[in-house]
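**Q** Before anything else, here's the structure in question.
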Amino acid sequence: MNSEPMISAAKISGAMNLIDAFEAAPDPAAHLDAEGVVIDGNAAFRQVFRHAVGSPRPPWGRVQPPAFVGDMRRFDAPAPDGRVYEWSERRLPDGSRIAAARDVTERVQAATEADRAKTLLFATLTHELRTPLNGILGMAGLLGQSKLEPEARDHLRIVRQSGEHLLDLINEILDYSRLEAGKLALDSAPFEPEATAQSVAEMLSPKAREKGLEIAVAARPSAPACVTGDEGRFRQILFNLAGNAVKFTETGGVSIELFAANTPGGGLRLVVRDTGPGIPAEKQAQIFEEFTQADSSVSRLHGGAGLGLAIVRKLAHVMGGRVGLDSRPGRGAAFWVELPLAPAPSRRAPARLEGLRMALISPSEVLARALTAAIVGLGGDMVTLSGAEQAMKFDVVLVDHASALTPAQFAALIASGQGVVALVPQEERDAITMYRDAGVEHYVVKPVRRASLAERLLLAAGRGKADARAGAPTEDDRAQAPLSLAGLRVLLAEDNPINALLARTLLTRAGCVVDVASDGEEAIEAAARAPYDLIFLDLRMPRMDGAATARWVRSHPGPSAEAAIVALTAEAGEAAREAALKAGMDGFLTKPIDPTQLAAVAARFTQRARAANVARV
């Protein structure tokens, strides 16, 4: 008779004990409804998350929790005081939830420090690996300028190829480790995608030319001229895709194409198209995975770890975009990326070409497609011809250097009264003199810049401004005839003796007068004593690094305060480029030092500088 009241009393006592335990628990705990709104919380919860009591938002704020697995889920979220809590949430039969939070700030901080140490270790190791490797590649390039027997030249080519493959592998591993560690902060600033694509094409052009490939950029009329986003990450995506295309393509070429994204929110669509072997349909689903290549024999032939496309996919996802490809075996491949980049105000557009009829003489279908897109997009018309004898009644005839026309054929074209524009590879600028001697007044450097092309086509057709004739400066600094560097006063700050010897030898051969400093402190002493036209600074030097040295030179009045400053670094990443520019440097040159690029940079950044007279010092 009396057992029922005694059981009820026991149940009540047990419930009260549970309530007391809940209230006294040292960790925050709360009862939430089915929508995540707090119904009640214990004392520890009210102390840390008092803002959440009575609020329609869950206590973890804007953090999006994972889906429930069964009736449980765990996730981390920051508290208002900045500490990090691990939440354990259980769903009850009535749909409400019990959530408990544990302070894991120290664990998260320790993991962050471990990630930072790992990233620093990777950066240090890769730098130490790249430094001797750059010396090997640089000296191999220097040796390649000597007279060698054919067999010795083949051996040297193998040394360079092996070294370049190893360098690519090191760079891929470093990039991937940074992404895996989450050390990726996105910048947001206006930039011009076409200009970025053009710079990537120009960087890859020497390697493409070695393989006999054409590389070109085509911006469609629909493509946004200027967008807001992270230009550095966009460049890395481009470089990985186009670099892969050059690596795996043996004949034909590579085109970088820009469109407006066909998505509701707009944006930019990038397509890198090649004439390579193509990718079978069954391999395409895995091609963006880590350590994956479409054909295992490819890694033996071309090298690499299969990380380049995985890095592209991760970068695109971080930027809110998506990636994919279209390919058939034997028909090449087209890798595409769509990024939600907002449009931004742009500079003036290239000149229009309405009413002009152009003809192209070139064996390259890749170049023909890119130039047709550029000219038609600017209102002109173009056809591709197989030979000079077909070039009749056009306003302008474009002649690709690869078409190898004879002087007599050039003379016939000029005599016909048509405008003639030569397309000269940037690696063979010496050919400009040959074209001038043949009577060709106008030329454009490949990879072709659209604005330069429009400017020269109008001049050749007789529609250009009188002050923009062939001898006048052009917006394309590559189109200037090769400059003599004789007498140019150069300060080279490089702590590695092999790299210093290489750079000094190359600059001295070009006619420069070179002083060498082994660290930043020696460099600022030299810059304070004498006027220099150009200063090369290694970014990683003892006592004072390159960035600190550049800031000192720029901030202290002296004979070299206005000198052009160019960074030398083994790191090809955006972080190093940004550090150099923020320090007041004018340019950026990656190691291993390429003789052609070194001379081009020296010429580019000293055209505007006053010549330092050696006799004054």
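The values are calculated or read from the model by the stated rules, or taken from the named source; none is laboratory data. The structure displayed is predicted, hence computed values, not measured ones. Cβ atoms come from the backbone with ideal geometry, glycine included; neighbour counts cover every protein chain shown. Ligands, DNA and RNA are stripped out before the accessible areas are found, and what is left, the full protein with its side chains, is counted by its heavy atoms. Shrake-Rupley method; radii C 1.70, N 1.55, O 1.52, S 1.80 Å.
**Q** 222 nm [θ] for the chain, helices only, -39500 (n - 2.57) per DSSP H run of 4+, per residue, to 500?
**A** It comes out at -13000 deg cm²/dmol, rounded to the nearest 500.
**Q** Another question about this same structure. Set the Förster radius R0 to 30 Å, insert the Cβ-Cβ distance between Glu149 and Arg328 as r into 1/(1 + (r/R0)^6), and round the FRET efficiency to 0.05.
**A** So, using R0 = 30 Å, E works out to roughly 0.10.
**Q** Amide H neighbours of Leu268 under 5 Å, counting only residues 5+ apart in sequence or on other chains, H built in-plane at 1.01 Å?
**A** Those qualifying (amide H under 5 Å, at least 5 residues apart or on another chain) are Ala261, Leu339, Leu341.
**Q** Still on this model: Taking 0.36 nm per residue of separation and subtracting the Cα-Cα distance, what length does fully extending Ala24 through Arg102 add?
**A** Stretched fully, the Ala24-Arg102 segment lengthens by 26.6 nm.
**Q** At 0.36 nm per residue, minus the direct Cα-Cα distance, what do Ala412 and Thr263 gain on full extension? Give it in nm, one decimal, please.
**A** 48.6 nm is the gain from fully extending Ala412 to Thr263.
**Q** Pairs Lys147/Lys211; Lys283/Lys314; Lys247/Lys446; Lys211/Lys314; Lys393/Lys446: which exceed 27 Å Cα-Cα?
**A** Lys211/Lys314
**Q** Here's another thing I want to ask about it. Reachable aspartates and glutamates from Lys582, Cα under 13 Å, same-chain residues fewer than 8 places away excluded?
**A** Result set, ordered by chain and number: Glu574.
**Q** Separate question: Give me the angle, in degrees from 0 to 90, between the Cα long axis of helix 450-460 and the longest principal axis of the Cα atoms of the chain, rounded to the nearest 10.
**A** Value to nearest ten degrees: 20.
**Q** Please report the net charge: other residues with Cβ closer than 10 Å to the Cβ of Leu270, K and R +1, D and E -1.
**A** Here the count lands on -1.
**Q** Just to be sure I understand the model, the point goes 7 Å from the Cα along the line to the Cβ. What's the resulting Thr433 to Met392 distance in nm?
**A** 3.7 nm
**Q** If the label point is 7 Å along Cα→Cβ of Arg220, which residues in region 338-366 have backbone nitrogen under 13 Å from it?
**A** Counting backbone N atoms under 13 Å from the label point, the list is 338.
**Q** Rounded to a whole number, what % of the accessible area of the chain do carbon and sulfur atoms account for, probe 1.4 Å?
**A** 55 percent
**Q** So if the hydrodynamic radius of the chain is defined as the Kirkwood radius over C-alpha pairs, what does Stokes-Einstein give as its diffusion coefficient at 20 °C and 1.002 mPa s, in µm² per second?
**A** 75 µm²/s
**Q** Nearest 10 degrees is fine. How inclined is helix 193-210 to the longest principal axis of the chain, computing both from alpha carbons?
**A** It works out to around 60 degrees.
**Q** Using the heavy atoms of the protein chains and a 1.4 angstrom probe, tell me the accessible area per residue for the chain in square angstrom.
**A** Value returned for the chain: 49 Å² of accessible area per residue.
**Q** Another question, then. Measuring from label point to label point, each 7 Å out along Cα→Cβ, what is the Arg554 to Ser162 span in nm?
**A** 4.2 nm
**Q** Sticking with this one: Quick one: what Rg and Dmax do you get for region 345-426 from the alpha carbons, in Å?
**A** 13.3, 48
**Q** Local charge sum around Leu341 (other residues, Cβ-Cβ under 14 Å, Lys/Arg +1, Asp/Glu -1)?
**A** -2
**Q** Report the extension gain between Ser346 and Asp115 in nm, rounded to one decimal, defined as 0.36 nm multiplied by the number of residues separating them, less their alpha carbon distance.
**A** 79.2 nm
**Q** Could you give the angle, 0 to 90 degrees to the nearest 10, between helix 520-529's Cα long axis and the longest principal axis of the Cα atoms of the chain?
**A** The angle comes out at about 40 degrees.
**Q** Calculate one ³J(HN,Hα) per residue across region 260-270 by plugging θ = phi - 60° into the Karplus curve 6.51 cos²θ - 1.76 cosθ + 1.60, and present them in order as whole Hz with x for glycine and proline.
**A** 7, 5, 8, 10, x, x, x, x, 10, 10, 10
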